[in-house]
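So the structure is just underneath, and the comments pick up after that.
Derivation of every value follows stated rules applied to the coordinates shown; laboratory data play no part. Bear in mind that the values here come from a model prediction, so they are computed numbers and not experimental data. Neighbour counts are summed over all protein chains in view; Cβ atoms, including those assigned to glycine, are modelled from backbone coordinates with ideal geometry.
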Amino acid sequence: MNILIIGSGGRESAFAWKIAQSTLTDKLFIAPGNAGTSAYGENIALGVTDFEGIAAFVLNNDIHLVLVGPEEPLVKGIHDYFLGRDDIRHIPVIGPQQAGAQLEGSKDFSKEFMLRHNIPTAAYRSFNRDTLADGLAYLETQKLPIVLKADGLAAGKGVLICTSLEEAQAELKAMIADAKFGDASSVVVIEEFLTGIELSVFVLTDGHSYKVLPSAKDYKRVGEGDTGLNTGGMGSVSPVPFADEAFLKKVEDRVIIPTIEGLKKDGIPYKGFIFIGLMNTNGEPYVIEYNVRMGDPETESVLPRIESDLVDLLLGVAQENLGEKSFSISSKTAATVVLVAGGYPGHYENGFAITGLENVKESFLFHAGTKSVNGEVQTAGGRVLAVTAMEDTLFDALQQATADAGRIFFDRKYFRRDIGFDLI
Ligand code: AMP
Ligand code: GLY
């Protein structure tokens, strides 16, 4: 079958790498892809929200399945668009329709969903322009630190952890009255601060049955020792040593099953990935957030550990027989180190030549912000490359990935040398 992947990051590179290995795959296309994805398929110059262009491409190239990488096209309704057109509605899209994508697209929606279905999460209340005064008063009754979240998509920047009442009140005003995050902060969720250690659990579902994919931990801060600004993710490891069987059983019983059942009860169809951001608080799981896609760079650690044929699993999602598919996970540990452009997540430059890619022999190399210019691979984004090593132990995987990250060169290259070492 012919498959189209939508997206251009390290996550989509890992998907392309995995899907290209399937005997079920004939032709693979990636829109728009990057300098690395062309090793696994053909890059197509289409934007991820160019639904008409994507539909025309799918029709002209006999595409049998579309896998959506990032959240934006899902929240904007790519799946609904396909279902709304008679000529393409039969082509399965992996990724939820808009109703399900609200789990990521609206924090207020996802908090209400969790409350309705008894899924453990931090206590919260939501406020808007009309209730701003109540919100300011509510803050006075809350313990510090306190968490403020823009309701809508804010490119990973919409969460503020405030340590004083003055700061929290000023930020609440800035978000609601001054549109600090544009429309995304016209509604703000104020929620209790949870302490503990974070991890992510990934689920693939056809709306009825599900497979629990390997769990992962990502490293969001730019600086070593988890310091500095938040990024999209500087590295990840899978599995997560502190997420033992007993903890994962609690996650399945208290979070995963109620989530799948809750979607069903609410009449929300869902075919795709669910990314559950969790806090482990003294061994008890609390949901911090849902995303309606895989994580990046978590995917680069998770997919190499899946031994099963991913295309067969995706077909199971499309045909609603995922429960019948066999599924196995490697016991090895995967560690991913992300190479970023100097300056990221602030201002950085593109267009530096990348060399040494051929030096990486033991790790998997997933391109993210790269592009091919007259045969030269150049930097074209904040997160440039992801290097994943798979070894018997976490220590060996970390050493290998970190060593291989050092074998690649471009001007102002930066990566964290401490990813995952806190877990050893
Ligand atoms: P989110 O965009 O919801 O993933 O939030 C970004 C980050 O903020 C999370 O990865 C957590 O580190 C932190 N965070 C979010 N909600 C809470 C909370 N209720 N308590 C503590 N930290 C939080
Ligand atoms: N690495 C976090 C995310 O993909 O949202």
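Restricting attention to region 317-334, and to residues there that are in a helix (DSSP H, G or I) and crowded, with 22+ Cβ neighbours inside 10 Å, which single residue is farthest from ligand 2 (Cβ to nearest atom)?
From region 317-334, those in a helix (DSSP H, G or I) are 317-318, 322-324; that's our starting set.
Now narrow it down to the ones that are crowded, with 22+ Cβ neighbours inside 10 Å: 317, 322.
Details: 317: 20, 322: 23 Å.
So the residue we want is 322.
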Study note, to complete from the structure: Across (1) crowded, with 19+ Cβ neighbours inside 10 Å; (2) among the hydroxyl-bearing types (Ser, Thr, Tyr); (3) within 13 Å of ligand 1 (Cβ to nearest atom), residue 301 clears everything bar (3)
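Checking the conditions here, which among 83, 74, 59 is more than 16 Å from ligand 1 (Cβ to nearest atom) and in contact (Cβ under 8 Å) with a residue 60 or more places away in the chain? If you could, list the steps in order and put the result at the bottom.
Numbers: 83 fails: in contact (Cβ under 8 Å) with a residue 60 or more places away in the chain; 59 fails: in contact (Cβ under 8 Å) with a residue 60 or more places away in the chain.
Going through 83, 74, 59 in turn, the sole match is 74.
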**Study point:** Qualifying residues in region 123-168 (those that are in a loop (DSSP other than H, G, I, E, B) and within 20 Å of residue 292 (Cα to Cα)) - the one nearest to ligand 2 (Cβ to nearest atom)
**Key:** 156
Study note, to complete from the structure: Per the list (1) more than 30 Å from residue 340 (Cβ to Cβ); (2) out of contact with any helix residue (DSSP H, G or I) (no Cβ under 6 Å at 6 or more places or on another chain), residue check on residue 274 breaks on (1)
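Yes/no matrix, rows are residues, columns are (1) touching a helix residue (DSSP H, G or I) at 6+ places or on another chain (Cβ under 8 Å); (2) away from ligand 2 (no atom under 16 Å from the Cβ); (3) over 26 Å from residue 218 (Cα atoms):
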{"residue": "6", "(1), (2), (3)": "yes, no, no"}
{"residue": "13", "(1), (2), (3)": "yes, no, no"}
{"residue": "18", "(1), (2), (3)": "yes, yes, no"}
{"residue": "23", "(1), (2), (3)": "no, yes, yes"}
{"residue": "29", "(1), (2), (3)": "yes, yes, yes"}
{"residue": "51", "(1), (2), (3)": "yes, yes, yes"}
{"residue": "54", "(1), (2), (3)": "yes, yes, yes"}
{"residue": "72", "(1), (2), (3)": "no, no, no"}
{"residue": "81", "(1), (2), (3)": "yes, yes, yes"}
Check your understanding: Which residue pairs have Cβ atoms under 7 Å apart, sit 6 or more places apart or on different chains, and have a first residue in region 262-277 that is within 16 Å of ligand 1 (Cβ to nearest atom) and a second that is acidic (Asp, Glu)?
Key -> 277/198; 277/289
Exercise for review: Please specify each residue of region 86-106 satisfying the condition of being in contact (Cβ under 8 Å) with a residue 24 or more places away in the chain and either among the small types (Gly, Ala, Ser) or part of a loop (DSSP other than H, G, I, E, B) (or both).
Suggested key: 87, 88, 91, 92, 95, 96, 97, 99, 100, 101, 105, 106
Exercise for review: Would you please name the residue that is farthest from the chain's Cα centre (by Cα), looking only at residues in region 25-36 that are assigned to a loop (DSSP other than H, G, I, E, B) and buried (at least 17 other Cβ atoms within 10 Å of the Cβ)?
Suggested key: 25
**Study point:** Number of the exception - residue 118 against (1) over 28 Å from residue 253 (Cα atoms); (2) more than 16 Å from ligand 1 (Cβ to nearest atom)
**Key:** (1)
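Results for (1) surrounded by fewer than 16 Cβ atoms within 10 Å (Cβ to Cβ); (2) touching an Asp or Glu at 6+ places or on another chain (Cβ under 6 Å); (3) among the acidic types (Asp, Glu), shown as yes or no for each residue.
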| site | (1), (2), (3) |
| --- | --- |
| 7 | no, no, no |
| 10 | no, yes, no |
| 16 | no, no, no |
| 38 | yes, no, no |
| 59 | yes, no, no |
| 78 | no, no, no |
**Study point:** Filter result (touching a residue at least 24 places away in the same chain (Cβ under 8 Å) and within 10 Å of ligand 1 (Cβ to nearest atom)) within region 160-189
**Key:** 161, 189
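Every residue in region 356-384 that is over 25 Å from residue 396 (Cα atoms) and of a type in the set (Val, Ile, Thr), please. Break it down stepwise before answering.
Filtering region 356-384 down to residues over 25 Å from residue 396 (Cα atoms) leaves 369-382.
370, 373, 377, 379, listed by residue number.
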Review point. Taking the stated definitions as given, is residue 178 acidic (Asp, Glu), over 24 Å from the mean Cα position of the chain (by Cα), assigned to a loop (DSSP other than H, G, I, E, B) and exposed (fewer than 13 other Cβ atoms within 10 Å of the Cβ)?
Key: yes
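Going by the conditions given, is residue 223 farther than 21 Å from residue 331 by Cα and near ligand 2 (Cβ under 10 Å from one of its atoms)?
Working: farther than 21 Å from residue 331 by Cα: yes; near ligand 2 (Cβ under 10 Å from one of its atoms): no.
Considered against the rule, which asks whether it is farther than 21 Å from residue 331 by Cα and near ligand 2 (Cβ under 10 Å from one of its atoms), residue 223 comes out as no.
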